[in-house]
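K.L.:
Could you have a look at this structure, given as structure tokens, before my questions?
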Amino acid sequence: MSSGFNARPRGSLLVCLLASGCGDSMEPFPAPDATILPCPLPCPAGFRCEDAICVPECSPACPRGLVCSPEGTCVPDETLTLPDNSCGGREVLDGTPGDPCGPCGSGRWLCAGANRAVCVDPTPRNACGGCARLPGVPGQACRERAVWQCAANMDLECVSVATLNVCGGLSTLTGLPGRRCGDCDSGFMRCDGRESIICEADPHPAACDCTRGPSALACGTDAGRCGRGIRTCNEDGRYSSCVRAALGEGCTNDSDCPLGFCVEEVIGFEESDDDACRPPAHTCTRRVCRDLIGTRGCTTELDCAPSQGCARGFCYDLVVRADIERCNGIDDDCNGKIDDDDRRTEICGLCPYNMVVGVHGAGAHTEDVFCLDQFEASRPDATLSAPGVNERYATSRADALPWTGLSAAAARIACSGEAENIEIPGAVAARRPCLESEWSKGCGPEGAPYPYGETYRSGVCHDDGVGISPTGRATECRYDMPPGFFGVFDMTGNVAEWVRGPNESYLAGGAFDRRSGNASCETRVSGSNAPGEQTGFRCCSAIVPVSFE
């Protein structure tokens, strides 16, 4: 009997006992299913009852190649048939790595992880919204009494100044910048781009009776190309239009300003070099004299020229304000920021003005995208003949004497602007001295010792031993990234530049005092020999790590 019992299926004895009937052979009544003890409640979909417990239909786990469906059955794993994407993952990518991308098709898609592709676009649309290289810059002179203007085909045309409106466009405007407007004349008109005028609210304590308010209100801005003015309280109890006024000394009240008025102005970071007006707030106030020196007397604005306003009995030029922002190193829209765009994608591309996009590799499958200064670093107030004294942050621009004599640590502070200058004009996040690999990519063609090629050419770069030259003056000492577009200047000669190696900082490229081709892309000098007059730097910034793994 023992042998027969052990051969019975699981639960046979229990079926006999519950059914109250087993033969002498102990053969059980046939079990209706695998469930011996019933479950207290019916099992939900996808589960079955086994010994009074609801268990998933897919228990035990499905065999390899199958997955458990919501109904609890093992079905083929459809994901196994999906091909991996080009970056090694399974998600659908925004683009195919290696393909052209960007508004002008000049960039390319690169992997940023297994399931993400990013578009690296070194060539954004030009200042007129097109992709072709323009013969000039909108707003700049193209011949005598004529300027470049964007045409309907997104190219430039040379337009006579006489045909332009006061905002620089071709449309007929409905008002004049600076003219008073709004309820109780409490605002003033300004350019909204080149083709329209808007009324900018200028609230004050007594909108309809300025005799009860300040004697003069600041208006306009000193940011970028724009002008600041004042609005005075006239005899009729209304504020005048916004007219130009010269900046005088600091003041406490009107008695400190014999030629004008003492006004409190809100100023932005770009406008001030005063130590009291610094980031992180980026704005502060100042009380300064705004001096008015009238040209001719007036009673009303009708007594003045159309482009003038009447303030305190004299005619003054109206303030003309903002233009649209362009990628040109100028604060066109007068907001205190140069080429401002939150992600640097619409105005100047991934990198800001005077920086170029580079890609350096660390093997066949990993690349990093970075920004590189076109010019050796200089102080904000440097000129062709003077290195400047303002050391709040480093700039990248042509025709400025480089900033020299810094240690590697000081160069890092200058690139970032340190804590007080986190958002410097024209900067990007994490701006710092270049890595050696980044610097090498920007110096010249891969494997070439000079920016212009493999063979040394005397006089092309500034390596003749005759002192420091302003940035970018050696126009042929450049390497274009990408070819034919943005040049990187003075990578060899002029001043040696700090770069960050794997374990220490080096001076790369050689300086003006290295002759006969000894200033090259391969030149490296230990930092122990610096800093000195020939020691400079330039800044870089990482954008996004991208990988094909």
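K.L.:
Within region 520-549, track down each residue that is at pLDDT 70 or above and hydroxyl-bearing (Ser, Thr, Tyr).
P.N.:
Hits for region 520-549 are Ser520, Thr523, Ser526, Thr535, Ser541.
K.L.:
For region 229-249, name all the residues that are surrounded by fewer than 17 Cβ atoms within 10 Å (Cβ to Cβ), more than 35 Å from the chain's Cα centre (by Cα) and farther than 13 Å from Gly313 by Cα.
P.N.:
Gly237, Glu249
K.L.:
I'd like to verify a number: residues in region 438-456 that are touching a Phe, Trp or Tyr at 6+ places or on another chain (Cβ under 8 Å) and either assigned to a strand (DSSP E or B) or free of Cβ contacts under 8 Å to residues at least 12 places away in the same chain (or both), how many?
P.N.:
Final tally of qualifying residues: 1.
K.L.:
Still on this structure: I need the strands (runs of 3 or more DSSP E) fully contained in region 295-378, keeping only those with at least 2 residues that are at pLDDT below 70 and not assigned by TED's automatic domain parsing to the domain that holds Asn234.
P.N.:
Here the list reads 355-361, 366-373.
K.L.:
If you don't mind, another one. Of everything in region 43-59 that's in contact with a strand residue (DSSP E or B) (Cβ under 8 Å, 6 or more places away or on another chain) and assigned to a loop (DSSP other than H, G, I, E, B), which residue is modelled with the lowest pLDDT?
P.N.:
The extreme case among them is Gly46.
K.L.:
Look through region 60-85, keep the residues that are in a helix (DSSP H, G or I) and of a type in the set (Ser, Thr, Tyr), and return whichever of them is modelled with the highest pLDDT.
P.N.:
Result: Thr79.
K.L.:
Can you find even one residue in region 445-459 that is more than 22 Å from Ala542 (Cα to Cα), surrounded by fewer than 19 Cβ atoms within 10 Å (Cβ to Cβ) and at pLDDT below 85?
P.N.:
Checked region 445-459: at least one residue is more than 22 Å from Ala542 (Cα to Cα), surrounded by fewer than 19 Cβ atoms within 10 Å (Cβ to Cβ) and at pLDDT below 85.
K.L.:
Select from region 409-437 the residues that are outside any helix (DSSP H, G or I), of a type outside the set (A, V, I, L, M) and closer than 16 Å to Tyr506 by Cα and write down the one among them that is modelled with the lowest pLDDT.
P.N.:
So the residue we want is Arg432.
K.L.:
Listed residues Arg133, Arg90; which is over 20 Å from the mean Cα position of the chain (by Cα), under 20 Å from Val357 (Cβ atoms) and outside the structural domain of Met481 (by TED's automatic domain parsing)?
P.N.:
Arg133
K.L.:
Go through the residues of region 489-499 one by one and say whether even a single one is surrounded by fewer than 21 Cβ atoms within 10 Å (Cβ to Cβ) and out of contact with any strand residue (DSSP E or B) (no Cβ under 7 Å at 6 or more places or on another chain).
P.N.:
There is no residue in region 489-499 that is surrounded by fewer than 21 Cβ atoms within 10 Å (Cβ to Cβ) and out of contact with any strand residue (DSSP E or B) (no Cβ under 7 Å at 6 or more places or on another chain).
K.L.:
Another question, if that's okay. Identify, from the list Cys199, Cys184, Cys150, Cys111, the residue that is touching a residue at least 40 places away in the same chain (Cβ under 8 Å) and over 23 Å from the mean Cα position of the chain (by Cα).
P.N.:
Unique residue meeting the criteria: Cys184.
K.L.:
So how many residues does region 90-109 have that are at pLDDT below 80 and farther than 24 Å from Gly130 by Cβ?
P.N.:
Looking only at that region, the number is 1.
K.L.:
Shifting gears a bit: What about Pro124, is it within 30 Å of Leu93 (Cα to Cα) and modelled with pLDDT under 75?
P.N.:
Criteria met by Pro124.
The values are calculated or read from the model by the stated rules, or taken from the named source; none is laboratory data. All values derive from a computational prediction rather than experimental measurement. Backbone-built Cβ (ideal geometry, glycine too); neighbour counts: all protein chains shown.
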